[in-house]
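Everything on this sheet refers to the single structure shown next.
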Amino acid sequence: MTFDLKQLNAFLTIISTGSLGRAAETLHITQPALSRTVRRLEQQVGAPLFERHSKGMQLTAIGSTLLPHATLLLREAENATEEIDAMRGLAKGTIRIGAVGAIASLILPMAIGAVLKKWPQLTVFVIEGVWDRLTEGLVKHEIDLALGAPAETADEIEAIADCRWQDQSNVIAATSHPLRRKRKLTLEDTMSEQWAITPRGTAPYQQMQQVFRARGLGLPNIVVETRSIIVLKSLVARSGFLGWMPESVYDAERRARLVNILDIPGATSTRTLTAFKRRQGILPVPAIKLLEELRRLAARSARW
């Protein structure tokens with residue numbers, strides 16, 4: 001079965017917009033023309049792809065089966081076009097990458113800056129988030145590389161063994177926090193304080209939980225759970241909360257003397273951060289260029 005990329009694009013646009021009308025506007029064609037395109041695709045597949053409802057278009061079982069394949073075919077076609085055009089000097093390539101906050105705050109900007117000095121025609125699309133969001137981005141072909149410390153790894157993705165770093169996470173607080181006046185701080189002293197951290201199930205949450213368990217303690221008083229690194233840092237710096245994160249994430253706040261580590265024996269944890277890609281498909285050339293720079297930085301950090 002040979003698929004028409006125009007038909008697949010129409011199929012995916014309907015899914016992303018939720019209706020024929022909005023999809024037609026997005027594609028700058030009439031709704032009857034879009035309907036004919038979809039009917040031709042359904043005739044080729046031999047079954048309906050959508051169920052029409054008053055609230056919009058919903059995928060049939062066969063439509064749901066086609067979805068990941070259509071996404072992959074279109075993305076591979078885009079990658080091929082970008083690479084060929086770049087070789088002919090006609091267009092820019094795009095790096096699509098996702099990273100957890102610890103990498104997005106330091107390593108990734110360094111790598112992007114170095115790559116763009118060598119390849120100024122490239123552009124970069126970045127997703128920052130916790131690991132489950134990055135996994136979703138890889139599987140859905142929103143990104144081509146993900147940098148993180150996964151709690152679980154989906155079957156569709158794999159680690160790049162020679163591209164990894166280590167970082168240390170600690171308890172952090174504002175430089176004016178009252179606990180800094182106490183000598184010989186222990187984890188027990190933090191239990192009743194207000195804490196802000198990423199949601200349960202995320203790697204930082206589990207890492208912090210393991211540190212407390214190792215001291216025979218339960219969880220501290222977690223008041224705020226959020227995926228927003230900006231919110232977490234603001235709560236620590238401005239509202240008296242305690243937090244848990246690696247130094248690379250709050251480096252700017254540390255340099256500004258707003259936030260720093262609480263000196264607590266045993267309250268440090270080391271983790272490994274790794275680059276991941278999809279198992280299937282070819283890694284686009286722009287992503288390969290960034291991966292080469294990330295490998296260089298990883299090798300350099302290993303020597304420090």
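Key figures
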{"read-out": "Cα gyration tensor shape for the range 18-83, rounded if a/c is under 1.5, else prolate or oblate", "value": "oblate"}
{"read-out": "The chain - percent of accessible surface contributed by carbon and sulfur, probe 1.4 Å", "value": "52"}
{"read-out": "With Cα atoms, 0 to 90° folded angle of helix 5-17 axis to the chain main axis", "value": "50"}
{"read-out": "Prolate/oblate/rounded label for the range 193-240 (Cα gyration tensor, a/c 1.5)", "value": "oblate"}
{"read-out": "Viscosity 1.306 mPa s, temperature 10 °C, Stokes-Einstein D of the range 1-145 from Kirkwood C-alpha radius, µm²/s", "value": "91"}
{"read-out": "Members of LYS118/LYS140; LYS92/LYS233; LYS118/LYS233; LYS92/LYS277; LYS6/LYS140; LYS117/LYS277 lying beyond 27 Å, as alpha-carbon distances in this model show", "value": "LYS118/LYS140; LYS92/LYS233; LYS118/LYS233"}
{"read-out": "Among GLY18, GLY243, GLY93, residue whose mean-square fluctuation peaks in a GNM of the chain (springs only between Cα atoms under 10 Å)", "value": "GLY18"}
{"read-out": "23 Å tail of the calculated P(r), the chain, as % of Cα pairs", "value": "64"}
{"read-out": "C-alpha long axis of helix 107-118 to longest principal axis of the chain, angle in °", "value": "50"}
{"read-out": "Cα gyration tensor of the range 92-175 - equivalent ellipsoid semi-axes, whole Å, descending", "value": "22, 19, 12"}
{"read-out": "From phi via Karplus (6.51, -1.76, 1.60), per-residue ³J(HN,Hα) for the range 170-179 in Hz, x at Gly/Pro", "value": "9, 6, 10, 8, 4, 5, 9, 5, x, 5"}
{"read-out": "Per-residue [θ]222 nm for the chain (sum of -39500 (n - 2.57) over DSSP H runs n ≥ 4, rounded to 500)", "value": "-14000 deg cm²/dmol"}
{"read-out": "Between helix 203-214 and the chain: long-axis angle, C-alpha atoms, 0 to 90°, nearest 10", "value": "30"}
{"read-out": "Net charge of Cβ neighbours under 13 Å - reference GLY266; Lys, Arg +1; Asp, Glu -1", "value": "0"}
{"read-out": "Per residue, in Å², the accessible surface of the range 166-304 once ligands and nucleic acids are set aside, probe 1.4 Å", "value": "53"}
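The values are calculated or read from the model by the stated rules, or taken from the named source; none is laboratory data. All of these numbers come straight from a predicted model, not from anything done at the bench. Cβ: placed from backbone, ideal geometry, glycine included. Neighbour counts: every protein chain shown. Just so you know, the surface numbers come from the protein's heavy atoms only, side chains and all, with ligands and any DNA or RNA stripped out. Shrake-Rupley method; radii C 1.70, N 1.55, O 1.52, S 1.80 Å.
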